[in-house]
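The values are calculated or read from the model by the stated rules, or taken from the named source; none is laboratory data. All values derive from a computational prediction rather than experimental measurement. Quick reminder, even Gly has a Cβ in these numbers, built from the backbone with ideal geometry, and neighbours come from all protein chains shown.
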Amino acid sequence: MTSSLVKQAARAQAAVRRRGLFASLSASEWAATIEDFDGKCAYCDRPYWTLDHFIPMVAGGPSWVGNCVPSCQTCNNSKGRLTPRYVFFVPKKRIEQIRYYLERRQHGFRSWPPPVELAIHEELEALSTTPQKKGLGSSRDG
Ligand SMILES: [Zn+2]
């Protein structure tokens, strides 16, 4: 395991804790996630560069295995504060695959604080019901 992996996981935890959210991602969990994506960006297949919170921290997304995927800098910047249902630069099928992956990663985390768990599930549920629309620029504001 490289020191950069440890640093990425630690940085993600620190950022989440600053917002008062639960943070649990360990370096080994992060390493396993990167391996699951073959070291590539979850959104576009370019080499991964950074850690992306599938549900952004501003929307309450915590740093845990059920919410973190590898991302290239371009996708990370493009995604910004958007929750998954508003990420239109990625094909919806791809978003669904990531969602499915993260749901599987959530097994064994039943002790997760209920409000956060609920928020995540609501977001994931919304993903499967929200049609792809273009031009919802206002979602970037909050
Ligand atoms: Zn990418």
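Key figures
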{"quantity": "Every residue from the stretch 1-25 that is modelled with pLDDT of 80 or more, under 15 Å from the mean Cα position of the chain (by Cα) and not charged (D, E, K, R)", "calculated": "Q8, A9, L25"}
{"quantity": "Residues of the stretch 47-57 satisfying the condition of being more than 11 Å from the chain's Cα centre (by Cα) and either surrounded by 18 or more Cβ atoms within 10 Å (Cβ to Cβ) or in contact (Cβ under 8 Å) with a residue 60 or more places away in the chain (or both)", "calculated": "Y48"}
{"quantity": "Filtered residue count, the stretch 90-99, keeping only those that are within 14 Å of the ligand (Cβ to nearest atom) and either touching a residue at least 24 places away in the same chain (Cβ under 8 Å) or under 11 Å from D52 (Cα atoms) (or both)", "calculated": "4"}
{"quantity": "Looking only at the stretch 35-75, and only at residues there that are in a helix (DSSP H, G or I) and modelled with pLDDT of 95 or more, the one that is farthest from the ligand (Cβ to nearest atom)", "calculated": "Q73"}
